[in-house]
Every structure is written in C-alpha cells, then in structure tokens.
1. When Val183, Val230 are ordered from fewest to most other Cβ atoms inside 10 Å of their Cβ, what list results?
2. How would Ser439, Ser285, Ser223 line up from fewest to most surrounding beta-carbon atoms within 10 angstrom?
3. Whats the longest run of the chain with zero GluC sites (Glu not before Pro) that are DSSP loop and have at most 14 other Cβ atoms within 10 Å?
4. Tell me the mean residue ellipticity at 222 nm calculated for the chain from its helices only (DSSP H runs of n ≥ 4, each -39500 (n - 2.57), averaged over every residue, nearest 500).
5. Please give every one of the aspartates and glutamates within straight-line cross-link reach of Lys508, meaning a C-alpha to C-alpha distance under 14 Å, and leave out same-chain neighbours fewer than 8 residues apart.
6. Test of understanding: what is the full-extension gain from Gln496 to Ser264, defined as 0.36 nm times their sequence separation minus their Cα-Cα distance?
7. Would you work out the relative contact order for region 404-523, in percent, from Cα pairs under 8 angstrom that are 6 or more residues apart?
8. Taking every Cα atom in region 289-337, find the radius of gyration and the maximum pairwise distance Dmax, and write them in Å.
Amino acid sequence: MAEIFIDKLPRLINVSNLILGHFIEHLGMCINNGVWTYKKTEQTLMQPPLDRVRTELFERISSLRPPIIRYPGGCFSDTYHWKDGIGPRSSRPIRKNKAWGGFKSVFGLIKGFNIGPKEKNHFGTDEFLTLCEKLGAEKYININFGTGTPKEAAEWVEYTNGSLNTKYGKLRAKNGHPEPYNVKFWGIGNEIFGWWEKGHCKTGDIYGKKYLEFAKEMRKIDSNIKLLGVGWKSDWNRSFLRVAKGYVDYLTLHLYLPTINIISYLLGWRALPKNENVYYSMLNSPYLAEELILKTRQDIISTLGKNGLEQVKIAFDEWNIWYRWRQVYRADTPHYNLRDGLWTACMINTFIKQAETIGMANFAQMVNVLGMILTYDDKIIVNPNYLVFKMYSDVWLKDSSLLSVSVKCKNIISEQFANIPPIMKPVLDVAAMISRDKSKLTLFCVNKHLNENIDTCIKFSDSLNFTPENVIGYILTHDTPFAINSRENPNTIKVQKLNFVCNNDLFKYKFPAHSVVVFQFLGK
C-alpha cells in the first residue's frame, strides 16, 4: 500500500493564490470572436462596456475564480500601442497584427486559419480592466517594450492608476471610469531574449539597461506597482538582475512542452501518440519546470544574496502543452485530452511545492488559443485543463501555508520523447496546504499510472495539530486517459464529487488510474 505522510514545515511558507492565474492575448481566436464577439450572434451578451462578451463565456470564466489575468500579450504586447484601444470604438483605428500577422501566408494551410487577424481594437484597456473588476481578478498588463517608449508606458500607468488631477486620469474618467483601476502588476517586455520578438536584446545587461528606462518612468507615476522582468537562462538572469536591482519584483519564465519534430509541429493535426511511452513522458515532464524553477531560484539568490527571494519571486506567466502549431489558432486542432488535464494538475502541484519561489503563474491561454475554454457559434465547451483549474480553485485556501508531503509509492520511469529526457518520478504526484487557523487542509493528488489503481494510506503528523473530521473531495477521470470533450460530446469528461467520513488521523483511499483527486479535510 502506498503512503502519503503530511507534516508541517520548519517555517511558514505562504502559497500564493496567484499560482492559478490566466492569460489572454490578441492572437488567433482568443480575443477576436473568442472573448470579444465581433460577428453577429444570437447568444446573450453582457452590458456595456462588455457588450460583445457572451454571458455564458463570462460565467464559465467566473466559475474559475481567476485570481489574476495577464493581457495583452505575449508577443502582441511588444507591438501594441494602448491608445489605439481606448475611447469610442467607432474612432479606434484598425491595425495590422504586427506580432502575428506575418505568419498567415506561410502557415495559413486551411481556409480562415489566420493567427494574426487585423486588430479592430474594440477590446482594449477599459474593456479588459472592467472584465477583471467584474471577475474580482487582479490585473496584469504587459507594456510595449519592443516598439513603444518609456513615456508611452508611463502614460498607460497614469491612465489606469492616476487620479482625476492627472491628464490621463481625466481621460479615463471621460471614457467612463472615474475611479482608478489600480493595476498592480506590470510586465516590461516578453521573451525579449528571442530573435522573434520586437525589441530583441542579445544579453541580460543590455535588456536591463533599457528595462530601467521604462521602470523608472513608470514608478514615477505610481511607486507601488509591481514590475515583472523577463527571465531566461542563468547568464541572462544574473546579468539582468545585477543591472535592474531594486526595480524588479518578479522574474518571468515560460515553458511549453513538448518540442517535437518541426515538420510535425507545423503541418501535423493529429493529437500526440496514444501510447504508454508518450503518456508517461508527458506526465513526468513537469519535472522540467521544477528544474527550471530551481535553477532560476539559484540565479536570484546568487545575484541578490540569501534574502533575494524576499525581493524577487518567479512569475511562470506562460505555460502549457503546445504540440501542434495550429493549436495557437484554437485548441480543437487537435483537442486537449484527459492526459493533458493530468499534466496540468502536475504542473500546478509543482508550483505549489515551489511556493517559496513562485509568486505567480499564468496558464496560456484562457480562451480558444491553446485554450481551456472553446467558443463556438452555438455553444461553449471546456477542456480537461479547465476542469482541473476549477477543481483546484473550488478547494483553494487563499490564506494558506505550504505543507511537507512524503510519498511512499512505486516510481514511473519514462523514456526519451522529443525534448523530454528519461525521467523517474513517483506514480503519485501530491501537494498540500493548510489554512492559517488550521481548520482546513487541502490535498491535491494525481495518480499518473496508465491502468493501475493505487491503494493509499494518508497520515497526518501529530506536530500538525490538525485532526480531520470530515472530508469533501472531487475526482476527474475517465475510462480512457485520451478522452476529450468535443463540440458533439461536450460532457464526456466531468468532475465528480466525493463524500467521506474520516476517522482519527488515518484516511485510506484507492486512487483510480489516470485520475486527479482533490481532498479538503475539515478539522475538528
């Protein structure tokens, strides 16, 4: 029998709810006829200024309780001029999508497949920030580092956060929102280390010097904002942090898996192979995210000192599975399946376990593009990764501390697949947190085994001073780990509720094969 032993840590480590963050970008069908409906529709729409947002879509997003949403990119942010997206929509300019528009002539292999449609700018700053307000989500804006200026970025901060005594605060009021939006999180650049990005910088110190020009101007407007700088490899991270020290609150990381053969990636349309090797390679691959986090953690500490993590956290603000190019248009070409949902849960567990270092994470993306929510003319469906996020958010403890989890179980050894090396990891992937008042304890578990149920005993340390009395639980599984939710069959995969009675400090459960299970233990 497997065993999960839960204990307190030597010191208090807060688990940020921003780990369950999201991301939307002007790319493919994320905003264009995704979040924002340009074409005629018979679906119910919201009230102004969100009058082209489908009510059902808002309800689906709201059910996730998103703690933070990142916008407008991504690559798009480094070509976006925010003033194009404010004021009366009839006067907003139509612009070419400079970040993504150039791809359509090369990869537009099917009719209508245009990942960079012309941008009408009807969904802009006020629409995004109003959406966040109604959802109760923090706002995270990426400024235009690539083709913009420090002055333009500072004016954006003033528009969102300035008082009515400021030039752009008055303009915001004129556009219908007298009170400041109080945007707290601001990203300066996106993947700026890459040749594909507008404003590309060859080294971290070059980026750091230009970054400081933006950071200083933005903080002149609002000294309380949190700034996010682009992270990458160790030499980049360390040189950037040395230059920008004192002006960085988060270092961003991105990870998409797996990196497969370029021809298959560009031209393929089938899902990943449905075999044991690929299945286990994918479910062990969150180790690569953990490895990246630990290396970046060391970069922060080595550069800023032993208290460096008190100054700078990691924001893993883009992460997902991306194995076919066309998924960047919408995520039913091909669909994400249950295995991908299990992978999502293992990634979130990784962020929870690394809570001392991870201050934020943003799933890429929320709607259509690599998306957890898919919009069609007649309906909206959700992918397994959406269901995982909902399971986690439903039992998340906002004021919580990380717990130590020891797992005794068999290991899964996965073989090389694409850029994922051979990895050996426990078959049970587990993370846990407890409320500060010790009234609730939440356990997140993934049984990665393809076809075996795992009998497990869950024990609680006496030092926890927590005695469970009742348990609520949720499970996500299916007869096959390759099942999908489709337009024709939108409810093939569903979350089911579990109910138990817990006796003393011992709890037994048989985790079904290829399943995600979350438990919330209620103390006496």
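1. Lowest count first: Val183, Val230.
2. Placing the least packed residue first, the sequence is Ser223, Ser439, Ser285.
3. Counting at most 14 other Cβ atoms within 10 Å as exposed, the longest clean stretch of the chain is 43-414.
4. The helix contribution divided over the chain gives -8000 deg cm²/dmol.
5. Within reach: Glu3, Asp455, Glu469.
6. 79.9 nm
7. Dividing the mean separation by the residue count of region 404-523 yields 32 percent.
8. Reported Rg and Dmax, both Å: 16.5, 46.
Just so you know, all these numbers are worked out from the coordinates, no wet-lab data involved. Everything numeric here is computed off the predicted structure, so don't read it as measured data. A quick note on method: Cβ atoms are made from the backbone with ideal geometry, for glycine too, and the neighbour counts reach across all protein chains shown.
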